[in-house]
Amino acid sequence: MARARPGYYDLLPIGPLTNLGLALALEPELLTLFRSVVIMGGSGPFPPLGTVQMVDANIHNDAEAAARVFAAPRTSLVMVGVNVTAGTIVDEAAVQALHRAGTEWGTFSAQILEAYMDFYQFAWGRRVSPAHDGLAAALLVHPEWITSSVSGPVNITSDGFFTRAHLVRTADGLPVSWKTQDAPDTLVVLDVDRAAFLSDFVGTLANGR
């Protein structure tokens, strides 16, 4: 499809990038056929000194595929990492609104979010859920909700326990202290209009569109 209409489609990979990595092994120029590629994954720039490093399963679970994606030639690649998705929180008020909508979509979405809250309550002490993939999907449609971003190469790094995708810049914008791998620039999202996203997100789930 993309080859038949180059520059027409956008691509939103969900989950680990295994399939996309395999596709790039067959067609290294694949990403250039898409108008844009938006990925939920990565950890943004390196965090300020003394703060906690964030990690996401999509990168950690197939680092080789992720490295291939971030190194591939492309028209536009946007990284929506846990540095921004983890702070985009769906709370119990949103779930109650979905139940009140009285629609099949709203009820189904509320039940899924409640299952996630069963997990996240033990991480944060509250029944909440980050909108990881939902935010990435929304930013593909509404890039104007990106309020802060930076462009640069993204490399895959490991501390021996977890593997991450990082913009190879420190929190204050300086180069990192080791030799990095060359890669085309990725647009790394740093902040978003959370109020606009969450309002639209809950409304979309309630109405099924």
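Of all residues in region 103-143, count the ones that are under 19 Å from GLY15 (Cβ atoms), touching a residue at least 60 places away in the same chain (Cβ under 8 Å) and not in a helix (DSSP H, G or I).
1
For residues that are touching a helix residue (DSSP H, G or I) at 6+ places or on another chain (Cβ under 8 Å) and farther than 13 Å from PRO47 by Cβ, tally how many sit in region 154-171. Lay out the reasoning, then the answer.
Step one: filter region 154-171 for residues touching a helix residue (DSSP H, G or I) at 6+ places or on another chain (Cβ under 8 Å), giving 154-156, 158, 162-165.
Narrowing the set further to residues that are farther than 13 Å from PRO47 by Cβ leaves 154-156, 158, 162-163, 165.
The total comes to 7.
Given the condition touching a Phe, Trp or Tyr at 6+ places or on another chain (Cβ under 7 Å), part of a helix (DSSP H, G or I) and within 23 Å of GLY15 (Cβ to Cβ), answer yes or no: does some residue in region 162-169 qualify?
No, region 162-169 has no match at all.
State which residue is farthest from VAL202 (Cα to Cα) when the search covers only region 144-161 and only residues that are of a type outside the set (Phe, Trp, Tyr) and part of a loop (DSSP other than H, G, I, E, B).
Our first condition is that a residue be of a type outside the set (Phe, Trp, Tyr); within region 144-161, this holds for 144, 146-160.
Imposing the further condition that a residue be part of a loop (DSSP other than H, G, I, E, B) reduces the set to 153, 159-160.
Details: PRO153: 34, ASP159: 37, GLY160: 39 Å.
The residue in question is GLY160.
For the subset of region 41-93 comprising residues that are among the hydroxyl-bearing types (Ser, Thr, Tyr) and in a loop (DSSP other than H, G, I, E, B), which member is surrounded by the fewest Cβ atoms within 10 Å (Cβ to Cβ)? Can you show your working first?
So the first thing to find is which residues in region 41-93 are among the hydroxyl-bearing types (Ser, Thr, Tyr), and the list is 43, 51, 75-76, 85, 88.
Narrowing the set further to residues that are in a loop (DSSP other than H, G, I, E, B) leaves 43, 51, 75-76, 88.
Working: SER43: 25, THR51: 9, THR75: 14, SER76: 16, THR88: 19.
Among residues in region 41-93 that are among the hydroxyl-bearing types (Ser, Thr, Tyr) and in a loop (DSSP other than H, G, I, E, B), the one surrounded by the fewest Cβ atoms within 10 Å (Cβ to Cβ) is THR51.
For region 176-209, enumerate the residues that are of a type outside the set (S, T, N, Q), modelled with pLDDT under 95 and exposed (fewer than 11 other Cβ atoms within 10 Å of the Cβ).
Matches in region 176-209: TRP178, LYS179, ASP182, ARG209.
When region 7-33 is examined, which residues are found to be over 18 Å from the mean Cα position of the chain (by Cα), assigned to a loop (DSSP other than H, G, I, E, B) and surrounded by 13 or more Cβ atoms within 10 Å (Cβ to Cβ)? Spell out the reasoning first.
So the first thing to find is which residues in region 7-33 are over 18 Å from the mean Cα position of the chain (by Cα), and the list is 7-9, 22-30, 32-33.
Subset that is assigned to a loop (DSSP other than H, G, I, E, B): 7-9, 27-29.
Within region 7-33, TYR9, GLU27, PRO28 qualify.
The values are calculated or read from the model by the stated rules, or taken from the named source; none is laboratory data. Quantities reported herein were computed from a predicted structural model and do not represent experimental measurements. With ideal geometry, Cβ positions are generated from the backbone for all residues, glycine too; neighbour counts draw on all protein chains shown.
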